[in-house]
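Contents: one structure, followed by commentary.
The values are calculated or read from the model by the stated rules, or taken from the named source; none is laboratory data. It should be emphasised that the depicted structure is a prediction, and the values quoted were computed from it without experimental measurement. Here the Cβ positions follow ideal geometry from the backbone for every residue, glycine too, while neighbour counts run over all protein chains shown.
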Amino acid sequence: MSTPRLLTIMGSGETAPTMVTTHRKLAARLPKGARAVLLDTPYGFQENASELSSKARDYFDTSINLQLVTADLDRVQGADSVHVERSLKLVADAHYVFAGPGSPSYALRQWSGTAIAEVLRAKLRTGGVVTFASAAALTLGRFTLPVYEIYKVGEDPRWLQGLDVLAELGINAVVVPHYNNAEGGHHDTRFCYMGERRLAQLESELEDETWVLGVDEHTALVIDIEADTAEVTGKGVVTLRVKGESTEIPSGEVIPLARIRDPRSSTSTPRPKIETTVVAVSENEDATLRAATDRLSAAFDDAVANGDGEGAARAALALDDALRLWSADTLQSDDTDYARSVLRGMITRLADIAVNGLRDPRESLAPVMDVVLDLRARVRADKRFDLSDVLRDRLTEIGIEVRDTADGPSWNLRD
């Protein structure tokens, strides 16, 4: 099985449940025994860089069945040249290269003076799968947005020189991930936090032949070089924006690569100026951890209201699963705290349900306690002892004593 030539650009969600299907399709096309590398440069400046690498490797191992080796190319400038060359060779020899969150400007500074751009171009020429997402995706085009410097520090909008890997495919564009971002609420954070005003200003500074390739969050553009096609996957759309005029390519559509090379031939379908596109998802395809939490919280409340203890327990277990599935997504930290708070509330209410209104406590409690103890075992197995302690303490408060024995947990009603 030969190695395909694929370039995948993800707008966000690269280690979230929403991109599992896309990753699996890419992995399925790799030859047996393929070498896969995590290019860690974009987040190499962060104090938790090793933790981020570990989470990404775990995500690919458990969800994609693909084992990544970290390139260890996180602090290139000032590093030993032998180490740098060894890391670059690791990337060059890989069948699959993945890079994701962090800072595009930091990554470009570290890569300056190295052969990384040529390594990636050569992979697309001779065989290899390159998947760049979020911050890494920003570096693929002719120019790159220094997002943090503009949005967080307040510097004037400007472009940095990009890797221009897209030029290898005959595409003269700048990549803008997080294209439909809506975190700003009442202020415009679309277009990777730039908003319409700043994007228009930046767009006016581009040369006439250079245009904007926008990729929505939890969305990917998969370019198959040999097939000469481009496919949109995920929850949103890919936008080809030329001088303010936009063409949207919806998820599920496969188009000739020529449309990406020459977006001016496409029909103009501009986006609304303020509102962002709302993508409907099924209850098993939540776009964020917060959406999953709200859905499962509502299911829990409905089950409690209907006296369905088993249904309530299922909702709590499902939320625990959602926390695990979203754990590798570095953009979900606030949502994770929120989900854990909701889960703690569910556990407390489950403990209350276990004894309220029961005529024969031990006999009637047994089915509910089986579910409660199963939940406790699962959170302990994930080393989330804070939730385990909440459950044990709450049960103790209402007269149920839990003991951990060599044969497993047991419980008793205290007199």
Next on the checklist: Quick check on segment 153-204: of everything there that is surrounded by fewer than 20 Cβ atoms within 10 Å (Cβ to Cβ) and of a type in the set (Lys, Arg), which residue is nearest to GLN110 (Cα to Cα)?
Outcome noted: ARG158
Next on the checklist: Looking at segment 48-92 only, could you name the residues that are charged (D, E, K, R), modelled with pLDDT of 90 or more and under 19 Å from THR131 (Cβ atoms)?
Outcome noted: LYS55, ARG57, ASP58, ASP61, ASP72
Checklist outcome for this item: Taking segment 94-120 and keeping only residues that are of a type in the set (A, V, I, L, M) and part of a helix (DSSP H, G or I), one is left with ALA107, LEU108, ILE116, ALA117, VAL119, LEU120
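Quick test for you: out of ALA135, ALA71, pick the one residue that is surrounded by 19 or more Cβ atoms within 10 Å (Cβ to Cβ) and out of contact with any Phe, Trp or Tyr (no Cβ under 9 Å at 6 or more places or on another chain).
Working: ALA135 fails: out of contact with any Phe, Trp or Tyr (no Cβ under 9 Å at 6 or more places or on another chain).
Checking each option against the conditions leaves just ALA71.
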Checklist entry - Name the pairs: first residue in segment 364-385 and assigned by TED's automatic domain parsing to the domain that holds ASP308, second residue among the acidic types (Asp, Glu) and surrounded by fewer than 17 Cβ atoms within 10 Å (Cβ to Cβ), Cβ to Cβ under 8 Å, at least 6 apart or on different chains? => result PRO367/GLU310; VAL368/GLU310; VAL371/GLU310
Checklist entry - Which residues, taken from segment 186-200, are farther than 11 Å from TYR151 by Cβ and not in a loop (DSSP other than H, G, I, E, B)? => result ARG190, GLU196, ARG197, LEU199, ALA200
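Residue by residue, here is whether (1) of a type in the set (Ser, Thr, Tyr); (2) closer than 25 Å to SER265 by Cα; (3) free of Cβ contacts under 8 Å to residues at least 12 places away in the same chain holds:
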{"residue": "LEU120", "(1), (2), (3)": "no, no, no"}
{"residue": "ILE150", "(1), (2), (3)": "no, no, no"}
{"residue": "VAL153", "(1), (2), (3)": "no, no, yes"}
{"residue": "VAL215", "(1), (2), (3)": "no, yes, no"}
Checklist outcome for this item: The condition of being over 17 Å from THR8 (Cβ atoms), in contact (Cβ under 8 Å) with a residue 24 or more places away in the chain and within 16 Å of the chain's Cα centre (by Cα) holds, among LEU38, LEU88, LEU52, LEU73, only for LEU52
Item to check | Filtered residues of segment 155-172 (kept if in contact (Cβ under 8 Å) with a residue 40 or more places away in the chain and part of a loop (DSSP other than H, G, I, E, B)) | outcome: PRO157, ARG158, TRP159, GLY162, LEU163, ASP164, GLY170, ILE171
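Report whether or not ALA227 is at pLDDT 95 or above and either more than 24 Å from ARG121 (Cβ to Cβ) or assigned to a loop (DSSP other than H, G, I, E, B) (or both). First the steps, then the outcome.
Values: at pLDDT 95 or above: yes; either more than 24 Å from ARG121 (Cβ to Cβ) or assigned to a loop (DSSP other than H, G, I, E, B) (or both): yes.
Criteria met by ALA227.
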Checklist entry - Consider LEU395 against the criteria (1) touching an Asp or Glu at 6+ places or on another chain (Cβ under 8 Å); (2) farther than 30 Å from LYS55 by Cα; (3) at pLDDT below 80: it satisfies all of them except one. Which criterion is unmet? => result (3)
Next on the checklist: Looking for something over 17 Å from ALA230 (Cβ atoms), in the same structural domain as LYS32 (by TED's automatic domain parsing), in contact with a Phe, Trp or Tyr (Cβ under 6 Å, 6 or more places away or on another chain) and surrounded by 20 or more Cβ atoms within 10 Å (Cβ to Cβ) - is there at least one such residue anywhere in segment 110-124?
Outcome noted: no
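VAL175: closer than 26 Å to THR288 by Cβ, part of a strand (DSSP E or B) and in the same structural domain as ILE255 (by TED's automatic domain parsing), yes or no?
Considered against the rule, which asks whether it is closer than 26 Å to THR288 by Cβ, part of a strand (DSSP E or B) and in the same structural domain as ILE255 (by TED's automatic domain parsing), VAL175 comes out as yes.
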Next on the checklist: Give all pairs with beta carbons closer than 6 Å in which a residue from segment 59-70 that is in the same structural domain as PRO17 (by TED's automatic domain parsing) meets a residue that is of a type in the set (Gly, Ala, Ser); count only pairs at least 6 apart in sequence or on separate chains.
Outcome noted: TYR59/ALA328; ILE64/ALA27; LEU66/ALA27; LEU66/ALA36; LEU68/ALA36; THR70/SER53
Next on the checklist: Anything in segment 338-373 that is closer than 19 Å to PHE385 by Cα and at pLDDT below 80? List them, or say none.
Outcome noted: THR348, ARG349, LEU350, ALA351
Checklist entry - Out of all the residues in segment 201-213, which are in contact (Cβ under 8 Å) with a residue 40 or more places away in the chain and assigned to a loop (DSSP other than H, G, I, E, B)? => result GLU205, LEU206, THR210
Item to check | Single condition THR131 does not satisfy, out of (1) polar (S, T, N, Q); (2) part of a helix (DSSP H, G or I); (3) touching a strand residue (DSSP E or B) at 6+ places or on another chain (Cβ under 8 Å) | outcome: (2)
